[in-house]
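Just so it is clear, none of the values below were taken in a lab; they were calculated from the coordinates. Because the structure is a prediction, the values reported are computed rather than measured. Cβ atoms come from the backbone with ideal geometry, glycine included; neighbour counts cover every protein chain shown.
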Amino acid sequence: MKRSPISVFIVALLFIVAGGIGLVYHAKEYIEQSSMNYEFAWVLLIRVLAIVCGVLLLKRVNWARWLSIAWLAYHIVLSVSHSVPEAIIHSILLVIVAVLLFIPKSSAYFKHSKTSKE
């Protein structure tokens, strides 16, 4: 299978877009406050990590599926401190992404990747 299944493509695109939008949004905040702190650096790192997850999913890197799930799980933990509806939405999104990344067609795509040691 040379092309990614539509499920993997959609999830990868979601991560790339979410990371890119978040990166621009938070970079704008940084420019406005013009001071770098650890919290801000962490936020930017998390946004860049989302983009990396999306790119690695498209490159058939198997462990990127787990990294993507961990990224979303982290966002659920963060969402709880904001609002319950936000946490619920992130939880539903986590379930949908997990299903899309681990359905048989997606698993076969990652199983036959060049980075697989099996």
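Averaging sequence separations of C-alpha pairs under 8 Å and six or more residues apart, then dividing by the length of the chain, give the relative contact order as a whole percent.
For the chain, the relative contact order is 33 percent.
In nanometres, what is the gap between the two model label sites at residue 13 and residue 108, each 7 Å from Cα along Cα-to-Cβ?
Distance between the two pseudo-spin positions: 2.2 nm.
Using only Cα atoms and rounding to the nearest 10 degrees, what angle (0 to 90) does helix 84-102 make with the longest principal axis of the chain?
Approximately 20 degrees, to the nearest 10.
Restricting to DSSP loop positions (anything but H, G, I, E, B) with no more than 11 other Cβ atoms inside 10 Å of their own Cβ, which trypsin sites (Lys or Arg not before Pro) remain in the stretch 2-31?
Counting only loop positions with at most 11 other Cβ atoms within 10 Å, the trypsin sites (Lys or Arg not before Pro) in the stretch 2-31 are 2, 3.
Would you calculate the separation in nanometres between label points at residue 88 and residue 70, each defined as 7 Å from the Cα along the Cα-to-beta-carbon direction?
In this crude spin-label approximation the distance works out to 3.0 nm.
Hey, can you rank 12-20, 96-104 by average C-beta count inside 10 Å, highest first?
Ranking the peptides 12-20, 96-104 by packing returns 12-20, 96-104.
So if I take the centroid of the Cα atoms in the stretch 1-32 and the same for the stretch 66-85, what is the distance between those two points in Å?
Using only Cα atoms to place each centre, the spacing works out to 16 Å.
Counting helices only, and only those DSSP H runs with n ≥ 4, report the 222 nm mean residue ellipticity of the chain as the sum of -39,500 (n - 2.57) divided by its residues, in deg cm²/dmol to the nearest 500.
Taken over the chain, the calculation gives -28000 deg cm²/dmol.
Provide the FRET efficiency to the nearest 0.05 for the residue 38-residue 77 pair, computing r from the beta carbons and using R0 = 22 Å.
Given R0 = 22 Å and the Cβ-Cβ separation, E is 0.75.
On a 0 to 90° scale, report how tilted helix 6-33 is relative to the longest principal axis of the chain, with both axes built from alpha carbons and the result rounded to the nearest 10.
20
Below 22 Å Cα-Cα, how many Lys pairs turn up in the chain? Only count pairs eight or more apart in sequence, or on different chains, if you could.
Close lysine pairs under the 22 Å cut-off: 11.
If one takes the longest principal axis of the Cα atoms in the chain, at what angle in degrees, from 0 to 90 and to the nearest 10, does the Cα axis of helix 38-58 lie?
20
Label residue 63 and residue 3 with points 7 Å out from Cα along Cα→Cβ: what is the distance between them in nm?
Spacing of the two 7 Å Cα→Cβ label points: 3.0 nm.
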